[in-house]
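Reading through the structure tokens given below for one structure.
Computed from the coordinates by the stated procedures, all read-outs in this text should not be read as laboratory data. Remember, it's a predicted structure, so these values are computed and weren't measured experimentally. Ideal geometry is used to build each Cβ from the backbone, glycine not excepted, and the neighbour counts take in all protein chains shown.
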Amino acid sequence: MTNALRPAAQAGDIKALEALMNKAFQSREITVGITNTGSTLKILLTSAKPLDQKIANSVKQGLQNINPQGFDRVLVTANDKGGTPSWTEQWTLA
């Protein structure tokens, strides 16, 4: 299933991208939600435990490997299960 999702994620399908990221972070007990506003990809990471901001590097590497089309900016926010934002990071997709 992961192999079938990759081409869709590369084409900019945010649901396919969300499914791939949820699979990648499942072992860390992190849930990923993705939306977009125009060319900005908004990624919400939710976990019962506070997330270290270093996890943003994993997100960035994954997105660089997939190279989703149609997006030029990324905004990542980490929330705890209560919905309280822990941190936000943003960057430009190359």
For this session: Could you state, as a whole-number percent, how many of the C-alpha pairs of the chain are farther apart than 19 Å?
Result: 34
Exercise. Just how large is the dipole of region 52-91 about the Cα centre, in debye to the nearest 20, putting +1 at every Lys and Arg Cβ and -1 at every Asp and Glu Cβ?
Worked result: 40
For this session: Specify the angular offset, from 0 to 90 degrees and rounded to the nearest 10, of the alpha carbon long axis of helix 14-25 from the longest principal axis of the alpha carbons in the chain.
Result: 50
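What's the local net charge at residue 71, with K and R +1, D and E -1, over the other residues with C-beta under 15 Å away?
Numbers: positive: 15, 42, 60, 73; negative: 13, 18, 72.
Net local charge, residue 71 excluded: +1.
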Seminar exercise, completed: If the label point sits 7 Å along Cα→Cβ of residue 6, residues of region 20-60 with amide N under 11 Å come out as none
Exercise. Assigning unit charges at the beta carbon (Lys, Arg +1; Asp, Glu -1) and nothing else, what dipole magnitude in debye, to the nearest 20, does the chain show about its Cα centre?
Worked result: 120
Problem set entry | Leading residue at positive end of dipole, the chain (Cβ point charges), from 39, 4, 57 | 4
Exercise. According to the Cα gyration tensor, what semi-axes, each the square root of 5 times an eigenvalue, does the equivalent ellipsoid of region 21-72 have, listed from largest to smallest in whole Å?
Worked result: 20, 12, 10
